[in-house]
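**Student:** Sharing a structure here in structure tokens format.
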Amino acid sequence: MTVNNPKTILITGANGEVGHGLIEKLGKLRTKEIKKIIALDLNDLDPILNDKVDVFVKGNVTDRDLLSDVFSKYNIDTVYHLAAVLSTTGEKNPELAHEVNVGGTFNLLSIANQVASKENRVIKFIFPSTIAVYGIPSLKLKAQNPKVKENEFLNPITMYGVNKLYCENLGRYFSSYYQSLNTDHRPLLLDFRCVRFPGLISAETIPTGGTSDYAPEMLHAAAKGKKFECFVRPDSKIHFMAMPDAIDALIQLTKIPENKLSGRVYNIAGFSVSAKEIEKMVKKHFPKSDISYKVNPERQKIIDSWSEDVDDCLAVKDWAWKAEYDFKKAFEKYLIPAIKNKYK
Ligand code: AKB
């Protein structure tokens, strides 16, 4: 069994928020730890990323032939499968969400698994899941269970959450059980690992199609001197993470030896805050910001069903996970300086 070193990496959904952050970070490791970065996206690559990737492939993760072609051309040993239709867009078009989120993930897992088995080498498959896999039935239960464990409340109410939960299990299946009844059952070489991201806040990019988007949208609107109407109640509480921590989590999880992992799906905690607390923090730094509330009942229902915070002791124990940024530090040391610079 061989593991290539340095790495040849495939990143799907390269133009997305996490794609931007990951390519920026991994781009700096090129030549040392990384041989080649292959980026894939539905749309032309954001020009800002052009010189950080070696190969760009324009295409859809639902196109199995295209993905097979990419795997046969390049000696890929690590996949970051970021392409997804997020929760709000998914509720507007659940069929599309299923096709991309489940169909695309199945294609990649199954092709990566075939290649790993045929070439007798390990392929790591890093998958961002989400707190949307949780579905807490009432605000009372949400308040009573502020820190949800990986195996609790797994009754998602969005297509996106349903898709991600299923794909976590697909990843586990391909890594641990694939064709277990086959008589010539071979060792499984697909190494699937997954983190459940909370709402992410980046200073560089603005998300599209998610439901936790009110937090980054509020901040970016204030920085641009624009009004913002928040679509959830001020007391709505979920947890968030600064983008650099999200990127670090993916990279840390990739590097940890497989025998140190007691599971394949990990909660990771950032900071748990209400929309009102975010508003206050935004106003502290942009005192002229104009923020009001007009609740969208459907999006509110989604946020109410997501956990307020998570118990991440498994990630802490297995790979010493710790977010660098708490709420205050995320704003003071990362978001505010970077965003002021961006819109100056
Ligand atoms: C969304 O809001 O859909 C995403 C998520 C929490 O996974 N940001």
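**Student:** Answer yes if at least one residue in the stretch 86-93 is at pLDDT below 95, among the hydroxyl-bearing types (Ser, Thr, Tyr), surrounded by fewer than 22 Cβ atoms within 10 Å (Cβ to Cβ) and assigned to a helix (DSSP H, G or I), and no otherwise. Write out each step before concluding.
**Tutor:** Residues of the stretch 86-93 that are at pLDDT below 95, as a first pass: none.
Within the stretch 86-93, none of the residues are at pLDDT below 95, among the hydroxyl-bearing types (Ser, Thr, Tyr), surrounded by fewer than 22 Cβ atoms within 10 Å (Cβ to Cβ) and assigned to a helix (DSSP H, G or I).
A quick yes/no check of all residues on (1) touching a helix residue (DSSP H, G or I) at 6+ places or on another chain (Cβ under 9 Å); (2) among the hydrophobic types (A, V, I, L, M, F, W, C); (3) part of a helix (DSSP H, G or I); (4) more than 12 Å from the ligand (Cβ to nearest atom):
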residue	(1), (2), (3), (4)
VAL115	yes, yes, yes, yes
ILE136	yes, yes, no, yes
LYS142	yes, no, yes, yes
ASN151	no, no, no, yes
LEU154	yes, yes, no, yes
LYS164	yes, no, yes, no
ASN169	no, no, yes, yes
ASP191	yes, no, no, yes
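**Student:** Do we find a residue being under 19 Å from ALA315 (Cβ atoms) and crowded, with 22+ Cβ neighbours inside 10 Å anywhere in the stretch 157-164? I'd like the intermediate steps shown before the answer.
**Tutor:** Filtering the stretch 157-164 down to residues under 19 Å from ALA315 (Cβ atoms) leaves 164.
Narrowing further to those that are crowded, with 22+ Cβ neighbours inside 10 Å: 164.
Among the residues of the stretch 157-164, at least one is under 19 Å from ALA315 (Cβ atoms) and crowded, with 22+ Cβ neighbours inside 10 Å, which makes the answer yes.
**Student:** Name the residue, out of VAL61, VAL18, that is part of a loop (DSSP other than H, G, I, E, B) and crowded, with 17+ Cβ neighbours inside 10 Å. I'd like the intermediate steps shown before the answer.
**Tutor:** Working: VAL18 fails: part of a loop (DSSP other than H, G, I, E, B).
Going through VAL61, VAL18 in turn, the sole match is VAL61.
**Student:** Checking ASN259 against (1) at pLDDT below 95; (2) buried (at least 16 other Cβ atoms within 10 Å of the Cβ), which single condition isn't satisfied?
**Tutor:** Against the list (1) at pLDDT below 95; (2) buried (at least 16 other Cβ atoms within 10 Å of the Cβ), ASN259 comes up short only on (2).
**Student:** Which residues, taken from the stretch 200-216, are out of contact with any Asp or Glu (no Cβ under 8 Å at 6 or more places or on another chain) and within 11 Å of the ligand (Cβ to nearest atom)?
**Tutor:** If the condition is that a residue be out of contact with any Asp or Glu (no Cβ under 8 Å at 6 or more places or on another chain) and within 11 Å of the ligand (Cβ to nearest atom), then ILE201, THR208, GLY209, GLY210, THR211, SER212, ASP213, TYR214, ALA215, PRO216 are the ones that fit.
**Student:** Next up: Restricting the stretch 169-182 to residues that are within 22 Å of GLU152 (Cα to Cα) and in contact with a Phe, Trp or Tyr (Cβ under 7 Å, 6 or more places away or on another chain), which is surrounded by the fewest Cβ atoms within 10 Å (Cβ to Cβ)?
**Tutor:** Filtering the stretch 169-182 for residues that are within 22 Å of GLU152 (Cα to Cα) and in contact with a Phe, Trp or Tyr (Cβ under 7 Å, 6 or more places away or on another chain), the one surrounded by the fewest Cβ atoms within 10 Å (Cβ to Cβ) comes out as ARG172.
The values are calculated or read from the model by the stated rules, or taken from the named source; none is laboratory data. Note that the structure is a prediction, hence the values are computed from the model and not measured. Here Cβ is always computed from backbone atoms with ideal geometry, including for glycine, and neighbour counts include all displayed protein chains.
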